[in-house]
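Heads up: the structure comes next, in structure tokens.
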Amino acid sequence: MHNFMECCTQIVRETGHALLQAMQQGETRLIGAKSSAIDLLTEADEMAQHQITQRLREAFPDHGILAEEGDQEAEPRDYVWVIDPIDGTTNYWHRHPAFCVSVALCHHGEPMVGAIYAPRMDELFCASRGGGAFCNDIPIHVSRASHLDQAIVATGFPYQRAPGSDNNLVEFGRVMPLVQGIRRCGSAALDLAYVAAGRLDGYWEFHIKPWDIMAGILLVREAGGQVSQVRPEGAMAGAGGILATNGHLHPALHRRIMGKAVEHAP
Ligand code: IPD
Ligand code: CA
Ligand code: CA
């Protein structure tokens, strides 16, 4: 476990530094778009993924890899590394600081080690199963907020967001009037890391992918929080959606997202 963790944290940190350097030197170019015109792919995404996968294949030749850029098929192995080379590519392209590198090691589909590094903030979040969660080596814990009107929560919107589609606007409208604040930072991995660190009290999103959330799920759980699907149907990384909270707020935020009444609602 120690070796996995050391390798994982070293890789996200080194890749994050390379990304920052490329950004600061204006070396990044847009390659094109992926699932829709606003789903950007930059040279930096490919450079970062190449750097990460090369290191992992050298260190753990028996392990599988599931990474965002490329064929997106998990290699069928007991141990699989799940990689988002840049989570928050739109931010990265616009030089907005909320982007990160997210890497998790899963054993039979369950995350056992995870690391998220945000180079502009120089913050390294990491967790191992049963070993707690940390930010820059300091233990982190979820918040204590127990009512929605004390809570700051985050969400995200899918790249397919045409009016009338499952674009999260209905759910956003349900939650927004009841919470202290609602944020959309543009990086699901950082949203989860911030729930783990108690900077956010909750986060939900639909149509997310495994590489967006795998390291973050472990962070939230190891920091004492709760993670579940929003809807019973569909996968968590899909139409089912992910809900992560400090635990206290889980039932109320879940009810609100689903359009059900919540006690103490104004
Ligand atoms: C995106 C970010 C964003 C979320 C999108 C993701 P990408 O990842 O995590 O916050 O709302 O659903 O696809 O494309 O920047 O790796
Ligand atoms: Ca992502
Ligand atoms: Ca990405």
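Details
- Residues that are among the charged types (D, E, K, R), modelled with pLDDT of 95 or more and under 20 Å from Glu171 (Cα atoms), drawn from region 213-249: Arg231
- Residue match in region 137-153 (condition: of a type outside the set (Asp, Glu), under 23 Å from Gly238 (Cβ atoms), at pLDDT 95 or above and in the same structural domain as Thr15 (by TED's automatic domain parsing)): no
- Single residue of region 46-68 satisfying the filter (touching a helix residue (DSSP H, G or I) at 6+ places or on another chain (Cβ under 6 Å) and either polar (S, T, N, Q) or more than 19 Å from Leu124 (Cα to Cα) (or both)) that is surrounded by the fewest Cβ atoms within 10 Å (Cβ to Cβ): Ala59
- Subset of region 208-239 [farther than 24 Å from Cys100 by Cβ and touching a residue at least 24 places away in the same chain (Cβ under 8 Å)]: Arg231, Ala239
- Listed by position, the strands (runs of 3 or more DSSP E) inside region 9-87 whose residues that are more than 16 Å from ligand 1 (Cβ to nearest atom) and over 19 Å from the mean Cα position of the chain (by Cα) number at least 1 are 64-67, 79-87.
- Any hit, region 125-143, residues being in contact (Cβ under 8 Å) with a residue 24 or more places away in the chain, within 30 Å of Ala33 (Cβ to Cβ) and assigned to a strand (DSSP E or B): yes
- Residues in region 130-167 that are of a type in the set (S, T, N, Q) and away from ligand 2 (no atom under 16 Å from the Cβ): Asn136, Ser143, Ser146, Gln150, Ser165, Asn167.
- Selection status of Val80, modelled with pLDDT of 95 or more, within 16 Å of ligand 3 (Cβ to nearest atom) and within 22 Å of Asp45 (Cβ to Cβ): no
The values are calculated or read from the model by the stated rules, or taken from the named source; none is laboratory data. This is a predicted model, so every value here is computed, not measured. Note that each Cβ is placed from the backbone with ideal geometry, even for glycine, and that neighbours are counted across all protein chains shown.
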